[in-house]
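Visitor: Here it is, the structure in full.
The values are calculated or read from the model by the stated rules, or taken from the named source; none is laboratory data. Because the structure is a prediction, the values reported are computed rather than measured. Positions of Cβ are generated from backbone atoms using ideal geometry, with glycine treated the same way; all protein chains shown enter the neighbour counts. When the accessible area is computed, the model is the full protein with side chains, heavy atoms only, and any ligands, DNA or RNA have been set aside. Shrake-Rupley method; radii C 1.70, N 1.55, O 1.52, S 1.80 Å.
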Amino acid sequence: MPEVRSGARQYPMARGRCPFDPPPELGRRQREEPVSKVRIWDDGEPWLFTRYADIRALLADPRVSADSARDGYPAQSAGIKAHPDRAKLFITMDNPEHAAQRGLLTADFTVRKIEQLRPRIQRIVDDLIDDLLAGPKPADLVEAFALPVPSLVICELLGVPYADRAFFQRMSTVLTASHTPPAEARAAVETLLDYLGGLVRDKLADPGDDVLSRLATEQVATGAVTDAQAASMGLLLLVAGHETTTNMIALGTAALLEHPDQLAAVRDGDDALVANAVEELLRYLTISHSGRRRVALEDLEVGGQRIRKGDGLITADSVANRDPAQFPEPDRLDVTREARHHLAFGYGIHHCLGHALARLELQVVYRTLYRRIPTLRLAVALDEVEFKHDMVVYGVHELPVTW
């Protein structure tokens, strides 16, 4: 039985010969045994789902639980399994608890509300490109641009001091590394929760125009949630809000630089083309490469396979987004493709709350970066770039570029 373990060159974390492609083994399974058992790090044997239609059905099924505390839940690593109870996130809750917590944040992440941030995000992107152009060559695009853009945005949105970025980025790296020991993961979570809880309490006395202030004054102050629950919501938004978009900026740029015809289309295209390109890159790259985790609450059947109550379930979203039944010629990057129905943001009640923010940031970045630096290119060969096989979120550790 194949193993799903962490680390470079181990299935399924290592990509195919092309670092933008899913592992070949996942493609084989999608063709030959789309619902099959695998063995994970703790010797559990969950089911692995590889077809788009099966995964959509699974993620929408109320008989399936996202609760990471349930027996049989296939945690991604020992470090993630060790997270303390006080760090329970609404993405690992079921309704009605999930809906109650998520609902407190929905108004801050509507498409209309997020669109109001476009001018500010544009200024952030332009300022960072100015700094990049004024600095030395070659430059690391991750450190100089891909990481600061979403970090600045999420800090302003949440009300987290950007001056503390080195601290929370370091904690985030600990939490998203697949090899982090359980004790270190627990300590990082506790440290972040203490930090964010302190911010929430500060905002009770001196609120601003930000998400944490609204949680503090409208929810904590009224007793609707505790400051610890508010801190847990803040932890999810802070880590997810910069980690995922950082990787999409850098990895998307690497992919476009390796496909110059697609890069030219994005650089020269109108806003609609750029927005479409964002969806195709989300599909093509699928940076949540460890899959979504669930556990069956009842016996059920998916893809012709009988699943028993208590069985762990893993969705292989990276290969589902390459399912030829949904995306013709799925291994080809085509920024004109209609790809918005991809699974990069999940599906069902746990569809990513921050999808509108991520889409907006990527649209501004992809529309601006390649026009302002039309000669942008990799400063090293692609096979010299270190990819994040060792992280829960896929991407590159560094991306040396020049122009």
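Visitor: For the pair ALA264 and THR222, how long in nm is the line joining their label points, each one 7 Å along Cα→Cβ?
Guide: Placing both labels 7 Å along Cα→Cβ, they lie 5.7 nm apart.
Visitor: Using only alpha carbon pairs under 8 Å that are at least six residues apart, calculate the relative contact order of the chain and give it in whole percent. Walk me through the numbers before you get to the answer.
Guide: Working: 680 pairs, mean separation 103.3, N = 403.
Relative contact order for the chain comes out at 26 percent.
Visitor: Between ASP299 and ASP131, what is the label-point separation in nm under the 7 Å Cα-to-beta-carbon projection?
Guide: If labels sit at ASP131 and ASP299, their model points lie 6.0 nm apart.
Visitor: Roughly how many nanometres apart are two label points built 7 Å out from the Cα toward the Cβ at ASP164 and THR106?
Guide: Distance between label points: 2.9 nm.
Visitor: Under a Cβ-Cβ cut-off of 10 Å, what is the net charge of the residues other than PRO34 that fall near it, where Lys and Arg count +1 and Asp and Glu count -1? Working shown, then result.
Guide: Values: positive: ARG29, ARG31, ARG51; negative: GLU32, GLU33, ASP54, ASP323.
With Lys, Arg at +1 and Asp, Glu at -1, the neighbours total -1.
Visitor: Still on this structure, I have one more. So which of LYS113/LYS203; LYS88/LYS388; LYS113/LYS137; LYS37/LYS88; LYS88/LYS309; LYS113/LYS309 end up more than 31 Å apart, counting from Cα to Cα?
Guide: Values: LYS113/LYS203 22 Å; LYS88/LYS388 26 Å; LYS113/LYS137 38 Å; LYS37/LYS88 27 Å; LYS88/LYS309 23 Å; LYS113/LYS309 41 Å.
Going by Cα-Cα distance, LYS113/LYS137; LYS113/LYS309 fall outside the 31 Å limit.
Visitor: May I ask you to order 215-226, 133-144 by the average number of other C-beta atoms within 10 Å around their residues, highest value first?
Guide: Working: 215-226: 16.7, 133-144: 14.2.
Ranking the peptides 215-226, 133-144 by packing returns 215-226, 133-144.
Visitor: Still on this model: Averaged across orientations, what area in nm² does the convex hull of the alpha carbons in the range 141-260 project? Please list the in-between numbers first.
Guide: Working: hull surface 33.8 nm².
So the mean shadow area of the Cα hull is 8.4 nm².
Visitor: Show me, for the range 317-323, the HN-Hα J-couplings you get by feeding each phi into the Karplus relation (A = 6.51, B = -1.76, C = 1.60, θ = phi - 60°), rounded to Hz, glycine and proline as x.
Guide: The phi angles translate into 5, 4, 7, 4, 6, 10, 6 Hz.
Visitor: Okay, next question. Considering only C-alpha atoms, what is the centroid distance from the range 112-152 to the range 367-403, in Å?
Guide: So the two Cα centres are separated by 15 Å.
Visitor: Give the calculated FRET efficiency between ARG63 and ARG340 to the nearest 0.05, with a Förster radius of 22 Å applied to their Cβ-Cβ distance. Let's see the in-between values first.
Guide: Details: r = 27 Å, r/R0 = 1.25.
With a Förster radius of 22 Å, E is 0.20.
Visitor: What full-extension length gain, to one decimal in nm, is calculated for ARG306 and GLU115 as 0.36 nm per residue of separation minus the Cα-Cα distance? Display every interim value, and only then the final one.
Guide: Values: separation 191, 0.36 × 191 = 68.76 nm, distance 4.40 nm.
Going from the current span to full extension adds 64.4 nm.
Visitor: Related question: Among LEU369, LEU257, THR402, whose Cα sits farthest toward the positive end of the charge dipole of the chain (+1 at Cβ of Lys/Arg, -1 at Cβ of Asp/Glu, about the Cα centre)?
Guide: LEU257
Visitor: Determine the order of MET171, MET233 by accessible area, beginning with the largest, at a probe radius of 1.4 Å.
Guide: Numbers: MET171 25, MET233 0 Å².
I get MET171, MET233, largest accessible area first.
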